[in-house]
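The values are calculated or read from the model by the stated rules, or taken from the named source; none is laboratory data. Just so it is clear, the structure is predicted and the values come from calculations on it, not from any experiment. Cβ: placed from backbone, ideal geometry, glycine included. Neighbour counts: every protein chain shown. Note: areas computed on protein heavy atoms with side chains; ligands, DNA, RNA excluded. Shrake-Rupley method; radii C 1.70, N 1.55, O 1.52, S 1.80 Å.
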Amino acid sequence: MPLEELVKSGAALAIIRWEDPVLHRQCRPVTEFGPDLWNLLCDMFATNRAADGAGLAAPQVGVDLAVFVYECLDGFGRRRQGLVCNPELALLAEPEMNTDFEGCLSLPGAYLPVSRPGVAIVHGQDQFGEPVTVAGTGTLARCLQHETDHINGVVMEDHLTAAERRELRRQHKRVAANFPDNWPA
């Protein structure tokens, strides 16, 4: 199914929270590229849109599969949209670091500055199993790194100090009532 079709259909799913074990382990690789994957991708794009996210990884909807979708701006203000199956992150040898506020749909309503390389390149496969490379700056670079982290069992708080983790959890707790368990479905 072409990308244009994947982004037009689907139903929003509930996004799971950081406590769920699927968010803390390496995901299974995508090995079957067909209707089951495409249906998942449709739902992931719908979920990301409903949550007003930059990107969403399959484990965030409880699926132990190495795939993520993204819809965000790059460093040049261009809207970028796509997906990557079996992502592998490649960073520059000596990256210029960028510190910006970052949040996670699996801990909604909480944001803290996180330092990440300002340029990211992800190699993987598209929805048909064909090789794909996505390079990005700005929000897209941050998104590519954040979602690849999810595929590898890493959540945003793993990049933070203990004090920052407590602050992030406090922020989420203050607004948690705005995000029921079935949010954003």
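Take the Cβ atoms of Ala163 and Asp64, set R0 to 22 Å, and the FRET efficiency comes out at 0.10. The slack in the chain from Glu96 to Lys173, taken as 0.36 nm per residue of separation less the alpha-carbon distance, amounts to 24.4 nm. Over the chain, accessible surface divided per residue gives 48 Å², non-protein components excluded, 1.4 Å probe. Restricting the chymotrypsin sites (Phe, Trp or Tyr not before Pro) of segment 32-89 to loop positions (DSSP other than H, G, I, E, B) with no more than 10 neighbouring Cβ atoms within 10 Å leaves Phe76. Computed about its Cα centre, the charge dipole of segment 78-139 is approximately 240 debye, with only Lys, Arg, Asp and Glu carrying charge at their Cβ.
Longest stretch of the chain clear of exposed loop sites (GluC sites (Glu not before Pro), DSSP loop, at most 10 other Cβ atoms within 10 Å, sites excluded): 97-185.
Rounded to the nearest 500, the 222 nm mean residue ellipticity of the chain from helices alone is -8000 deg cm²/dmol, with -39,500 (n - 2.57) taken per DSSP H run of at least 4 residues. Excluding the site residues themselves, the longest part of the chain lacking any trypsin sites (Lys or Arg not before Pro) in a DSSP loop with at most 14 other Cβ atoms within 10 Å is 79-185. Quick check: net charge around Ala176, other residues with Cβ under 11 Å of its Cβ, Lys/Arg +1 and Asp/Glu -1? Net charge in that neighbourhood comes out at +4. Dividing the mean sequence gap of close Cα pairs (under 8 Å, 6+ apart) by how many residues segment 122-178 holds gives a relative contact order of 16 percent. Reported to the nearest whole Å, the Cα centre-to-centre distance from segment 83-106 to segment 135-151 is 3. Met1 exposes around 60 Å² of accessible area when a 1.4 Å probe is run over every protein chain in place.
The gain in end-to-end length when the Glu130 to Arg49 segment is fully stretched comes to 26.6 nm, 0.36 nm per residue minus the alpha carbon separation. In the chain, the DSSP beta bridges split such that about 95 percent are antiparallel, to the nearest 5. Positive contributions from Lys and Arg (+1) and negative ones from Asp and Glu (-1), summed over other residues with Cβ under 12 Å from the Cβ of Asp74, come out at +3.
Just to be sure I understand the model, the point goes 7 Å from the Cα along the line to the Cβ. What's the resulting Phe33 to Glu88 distance in nm? The two pseudo-label positions are separated by 1.5 nm. Residue separation of Arg79 and Ser115 scaled by 0.36 nm, minus their Cα-Cα distance, works out to 10.7 nm of gained length. Going by a ≥ b ≥ c, the root eigenvalues of the Cα gyration tensor, does the chain fall in the rounded group (a/c under 1.5), the prolate group (a/b larger than b/c) or the oblate group? Since a/c reaches 1.5 but b/c is at least a/b, the shape of the chain is classed as oblate.
Measuring nothing but protein heavy atoms, the accessible surface of the chain at 1.4 Å probe radius is 52 percent carbon and sulfur.
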